[in-house]
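The values are calculated or read from the model by the stated rules, or taken from the named source; none is laboratory data. Note that this is a predicted model, so its numbers are computed, not measured. Here the Cβ positions follow ideal geometry from the backbone for every residue, glycine too, while neighbour counts run over all protein chains shown.
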Amino acid sequence: MATKASGNRPGTMRERTPGHWELRVFGGYDSVTGKQIRRTKTFVGSERAAARALGAFVPEVESSDVSRRGVTVGQLLDEWLELGRSKQKPRTLQENRRKIDHRIRPLLGELKLEKLDAARLDKTYRHWLDQGLSEATVHKYHCILSAACRQAVKWDYLDRAPTDKASPPRIVRREPKTPTPEQLADLIGMAEVDDPLMATAIALAALTGTRRSELVALQWSDVDLTAGRVKIWKGLTVANGRQYIGDTKTHAARELALDPIAVEVLRRRWEFMVATSTERESPLVADPYVLSLNLNGGLPVNPDTLSHRFERLCRKMEAPALIELRRTKPKATSLDLAPSDRWPFTFHGLRHFSVTTLIAAGMDIKTVADRHGHRRATMTLDLYAHALPERDREAAGVLGQALKQARKQRR
């Protein structure tokens with residue numbers, strides 16, 4: 001179809017099919033490539049109506065180009081954070097704001113958005129690495145900038161995201177440290193002496209593989225001891241000192257079967273809570289939390305509390321060997337201990353224990369992924385490929401045995 005210019009306006013209109021028009025307006029030149037920038041939109045109607053639409057489209061593009069020339073990186077980040085108030089969890093929003101204010105804004109905040117390019121980004125990444133930040137931390141800053149720049153494209157502040165051409169540091173995924181079943185039993189035994197809440201938390205985390213946020217959000221209405229099942233459908237996060245209950249990390253609910261040991265752990269926890277609340281004359285609330293520091297179970301424990309207490313428990317397990325080592329090396333730390341005496345575990349490592357134990361036992365990946373709330377089975381494979389060597393060795397044995405049998409038959 002013919003292309004028609006619109007008088008003196010910097011725009012054209014083309015009828016692609018009867019009554020369907022493509023409106024194009026000149027939007028200046030790309031600051032990097034020097035090529036012309038053209039905005040397009042479609043319109044359905046008569047030729048006269050299309051011309052009027054083009055006339056309205058021209059000043060819209062021009063005002064957009066004027067406004068975007070003055071936007072700074074800091075202003076974009078502020079607008080992106082404001083948008084996140086309705087989309088991000090409070091804890092995520094808090095962490096993003098902290099990273100922006102502490103690291104990104106001081107270096108890039110005053111820079112005009114149109115001047116932000118891959119070279120400037122790579123220079124900033126190197127600066128952060130030189131300051132001693134880890135590759136994983138710098139990559140998180142890149143992810144924030146990338147998300148903001150992609151939104152800037154949607155808002156027509158940018159034609160393309162400069163972060164797409166940047167080279168953030170690669171993340172070297174380190175194999176997490178997981179306790180052996182024997183070490184796990186020792187940790188639970190130690191916790192039972194003076195921290196029964198942690199004994200329950202450790203056992204449940206290892207047996208169900210639930211995330212910290214999911215575990216602390218569990219209420220007794222989510223547990224069915226008779227059927228041996230538990231429903232995981234919410235998570236707890238903490239931001240600015242306040243607790244927030246929301247969806248799980250993947251926004252999906254799941255039901256998990258409980259083995260007899262997990263059922264017994266929960267039964268003992270319930271009996272403990274009932275006995276303690278009765279003894280202290282603080283009746284349990286209508287639907288108490290499974291992990292609560294309150295006598296009535298009215299408030300859940302914070303996720304970070306589990307991590308801190310677990311770390312202290314690991315240091316307690318190392319204490320005898322460390323005391324002995326300091327007899328000959330007074331300034332020794334846990335890092336100086338022999339590998340067999342170290343307890344370098346985190347509470348999140350209990351989730352790894354659950355996944356790797358199931359994979360090593362030959363459980364199919366789809367079942368493992370579903371049980372642990374992974375969006376896709378491929379994610380489980382990517383994160384836990386290190387747990388497959390034994391299965392790979394078994395597979396090699398099967399193939400070798402098949403070839404051996406075939407050779408026997410040919411003789």
Select from the range 159-201 the residues that are closer than 30 Å to Val73 by Cα, in a loop (DSSP other than H, G, I, E, B) and of a type in the set (D, E, K, R) and list them in ascending order.
Asp159, Arg160, Arg170
Can you confirm whether the range 320-342 contains a residue that is farther than 24 Å from Gly189 by Cβ and in a helix (DSSP H, G or I)?
yes
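Tally up the residues in the range 246-261 that are of a type in the set (A, V, I, L, M) and in contact with a strand residue (DSSP E or B) (Cβ under 8 Å, 6 or more places away or on another chain), please.
Our first condition is that a residue be of a type in the set (A, V, I, L, M); within the range 246-261, this holds for 252-253, 256-258, 261.
With the extra rule that they be in contact with a strand residue (DSSP E or B) (Cβ under 8 Å, 6 or more places away or on another chain), the set shrinks to 253, 256-258.
Residues that pass the stated criteria total 4.
Would you check which residues across the range 86-113 are of a type in the set (A, V, I, L, M) and assigned to a helix (DSSP H, G or I) and list them?
Going residue by residue through the range 86-113, those that are of a type in the set (A, V, I, L, M) are 93, 100, 104, 107-108, 111, 113.
Answer for the range 86-113, where residues must be of a type in the set (A, V, I, L, M) and assigned to a helix (DSSP H, G or I): Leu93, Ile100, Ile104, Leu107, Leu108, Leu113.
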From the options Ala148, Ala203, Ala161, residue that is under 30 Å from Val355 (Cα atoms) and either basic (Lys, Arg) or surrounded by 16 or more Cβ atoms within 10 Å (Cβ to Cβ) (or both)
Ala203
What do you reckon, is Arg38 in the same structural domain as His142 (by TED's automatic domain parsing), modelled with pLDDT under 90 and either in contact with a Cys (Cβ under 8 Å, 6 or more places away or on another chain) or on the phi < 0 side of the Ramachandran plot (or both)?
no
Extreme residue, farthest from Lys89 (Cα to Cα), among residues of the range 216-269 that are surrounded by 19 or more Cβ atoms within 10 Å (Cβ to Cβ), free of Cβ contacts under 8 Å to residues at least 60 places away in the same chain and touching an Asp or Glu at 6+ places or on another chain (Cβ under 7 Å):
Val230
Yes or no: Arg351 loosely packed, with under 14 Cβ neighbours inside 10 Å and either at pLDDT 95 or above or closer than 30 Å to Leu383 by Cβ (or both)?
no
Residue pairs, Cβ under 9 Å, 6 or more apart or interchain, first in the range 280-305 and outside any loop (DSSP other than H, G, I, E, B), second surrounded by 19 or more Cβ atoms within 10 Å (Cβ to Cβ) and among the charged types (D, E, K, R). List them.
Pro303/Arg211; Pro303/Arg212; Asp304/Arg212
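Got a sec? Which of Ala275, Ala205 is closer than 30 Å to Thr380 by Cα, outside any loop (DSSP other than H, G, I, E, B) and at pLDDT 95 or above? Give the steps one after another, and end with the answer.
On the way: Ala275 fails: closer than 30 Å to Thr380 by Cα.
Step by step, each of Ala275, Ala205 is checked, and only Ala205 is closer than 30 Å to Thr380 by Cα, outside any loop (DSSP other than H, G, I, E, B) and at pLDDT 95 or above.
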Within the range 270-286, the count of residues that are surrounded by fewer than 18 Cβ atoms within 10 Å (Cβ to Cβ), farther than 28 Å from His372 by Cα and touching a helix residue (DSSP H, G or I) at 6+ places or on another chain (Cβ under 7 Å) comes to 1
Restricting attention to the range 118-132, does a residue exist that is closer than 15 Å to Leu77 by Cα, part of a helix (DSSP H, G or I) and not aliphatic (A, V, I, L, M)?
no
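Filter the range 231-247 down to residues that are assigned to a strand (DSSP E or B) and farther than 20 Å from Gly298 by Cβ and give me whichever is modelled with the lowest pLDDT. It would help to see each step written out before you state the result.
Step one: filter the range 231-247 for residues assigned to a strand (DSSP E or B), giving 231-232, 235-239, 242-246.
Next, from what is left, pick out any that are farther than 20 Å from Gly298 by Cβ: 231-232, 239.
Details: Lys231: 97, Ile232: 96, Ala239: 87.
Applying the filter and picking the extreme gives Ala239.
Identify, please: which residue in the range 348-375 is among the basic types (Lys, Arg) and in a helix (DSSP H, G or I) and is, among those, farthest from Thr180 (Cα to Cα)? Please lay out each step first, then the result.
At the first step, the residues of the range 348-375 found to be among the basic types (Lys, Arg) are 351, 366, 371, 375.
If we keep only those that are in a helix (DSSP H, G or I) as well, we get 351, 366, 371.
Values: Arg351: 13, Lys366: 24, Arg371: 21 Å.
The residue in question is Lys366.
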